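See structure below.
The values are calculated or read from the model by the stated rules, or taken from the named source; none is laboratory data. Since we're looking at a predicted model, the values are computed, not measured. Don't worry about glycine lacking a Cβ; one is built from the backbone with ideal geometry, like all the others, and counts go over all protein chains shown.
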Amino acid sequence: MARALITGITGQDGLYLSELLLSKGYEVYGLIRGQNNPKLDLVRETVPDVKLVTGDLTDLSSLLRALQVAQPDEVYNLGAISFVAYSWENATLTSDVTGKGVLNILEAVRLYSNDDPSKVRFYQASSSEMFGKVQEVPQRESTLLWPRSPYGVAKVFGHYMTINYRESYGMHASSGILFNHESPRRGPEFVTRKVTQAVARIKLGLQDDLVLGNLDAKRDWGFAGDYVEAMWLMLQQPEADDYVVATGETHSIRDLLDHAFAHVGIEDWSGYVKQDPRFMRPAEVELLIGDPAKAHEKLGWERKVDFPGLVGMMVENDLREQSGHAGR
Ligand code: NAP
Ligand code: F7E
């Protein structure tokens, strides 16, 4: 039975990846941080077969201990401070966790493997935020990186550190440059979930309006359940490599609003949406659109859920969740 250790087990991707690996017969270990993590119950309910080990990406010896307990064949490093807007207010912490945390786990894997590069395969959760002020459209593996936030800068450090461990120690270390991926499990601080939750609440009469920042930014949005399959596929390849995972389509926040409101029968959302500079970013990533050709050709990866399907799935989920509140 293959064994995997996942950092970021309490997050959106950690839950989907756990489900995928369990369905393939893996023994799955999840790294969980904190003395009394508020998401512990969620993980236990969603993926009861995952075994939890305590640890933190900023604490190298806790990572070594977790590796000794899990004895993994594959390590998926999904743990990070992942909210871009928050990263300006907490730049040092973001650098420590999202950047230096990658070095800590790579070093822990190297020490645990006793310099045997065939012992553990490693996945790093890199991000399209590394492209930032994009230097090429669409963005591919070779596109010059130009990050625009402390989060993006920290991810660039982790990306190059992953490549460096592959080149220096022969480690099977792959970096997945994933574009935005969303789901009903997405945190409510991200724009897709903020919109679908608000649309459901407006439809149910629980909320009057929705306050957002920049409506003109464009993102390449896919479904998280599809993207974790690409992570797994990367670690099944004979050679480690870097891959863009994206849909190849881009949509503005306005398009997202069109689809989400239309799903509940509201064609003109202008009276419900307000803008506030509080939600504008000091440096915006205006346009992201990825070229997933390499992932298609080498991994055989294809997305299954399209943009209208994704938005519809999220609105339906939020209508179900919020109708509980409406009934009270
Ligand atoms: P998420 O829902 O925000 O989850 C982040 C996870 O990181 C949580 O489990 C969190 O645990 C954990 N974490 C935070 N600080 C940690 C620390 N000091 N030590 C160990 N774990 C820590 O993120 P996601 O959407 O699932 O994304 C997974 C990964 O992919 C992240 O690295 C993210 O940056 C990257 N990524 C995401 C996207 C996307 O669109 N979703 C795109 C590209 C890359 P707690 O519950 O303890 O806070
Ligand atoms: O913002 C705009 C905002 O916070 C998307 C993370 O998973 O994907 C995610 O990062 C866009 C930006 O995601 C609001 O200015 C407008 O242009 O949903 P987001 P993100 O910053 O793209 C990447 C790939 C990651 O790696 C990250 O970890 O939406 N926007 N108004 C808003 N965004 C938010 N959050 N809230 C608003 O009110």
> Quick one: which of VAL53, VAL97, VAL47 is buried (at least 16 other Cβ atoms within 10 Å of the Cβ), more than 18 Å from GLY158 (Cα to Cα), modelled with pLDDT of 95 or more and within 12 Å of ligand 1 (Cβ to nearest atom)?
Replying inline: VAL53
> Do you know which residues across region 286-306 are touching a helix residue (DSSP H, G or I) at 6+ places or on another chain (Cβ under 7 Å) and part of a helix (DSSP H, G or I)?
Replying inline: ALA295, LEU299
> How many residues are assigned to a strand (DSSP E or B) and under 22 Å from SER127 (Cα atoms) when one looks only at region 207-224?
Replying inline: 4
>> Condition first: modelled with pLDDT of 95 or more, closer than 15 Å to ARG303 by Cβ and in a loop (DSSP other than H, G, I, E, B). Can you find one or more residues in region 238-247 that meet it?
In response: yes
>> I want to confirm something. Restricting to region 100-127 and keeping residues that are over 11 Å from GLY158 (Cβ atoms) and part of a helix (DSSP H, G or I), which single residue is nearest to ligand 1 (Cβ to nearest atom)?
In response: ALA108
> Can you name the condition, by its number, that GLY25 falls short on among (1) within 21 Å of ARG185 (Cβ to Cβ); (2) surrounded by fewer than 18 Cβ atoms within 10 Å (Cβ to Cβ); (3) modelled with pLDDT of 95 or more?
Replying inline: (1)
> What number of residues within region 75-93 are more than 13 Å from ligand 2 (Cβ to nearest atom) and in a loop (DSSP other than H, G, I, E, B)?
Replying inline: 1
>> Against the condition away from ligand 1 (no atom under 11 Å from the Cβ), surrounded by 21 or more Cβ atoms within 10 Å (Cβ to Cβ) and of a type outside the set (S, T, N, Q), how does MET130 come out, does it pass?
In response: no
>> Tally up the residues in region 163-189 that are touching a strand residue (DSSP E or B) at 6+ places or on another chain (Cβ under 6 Å), within 9 Å of ligand 2 (Cβ to nearest atom) and either among the hydroxyl-bearing types (Ser, Thr, Tyr) or closer than 16 Å to LEU15 by Cβ (or both), please.
In response: 2
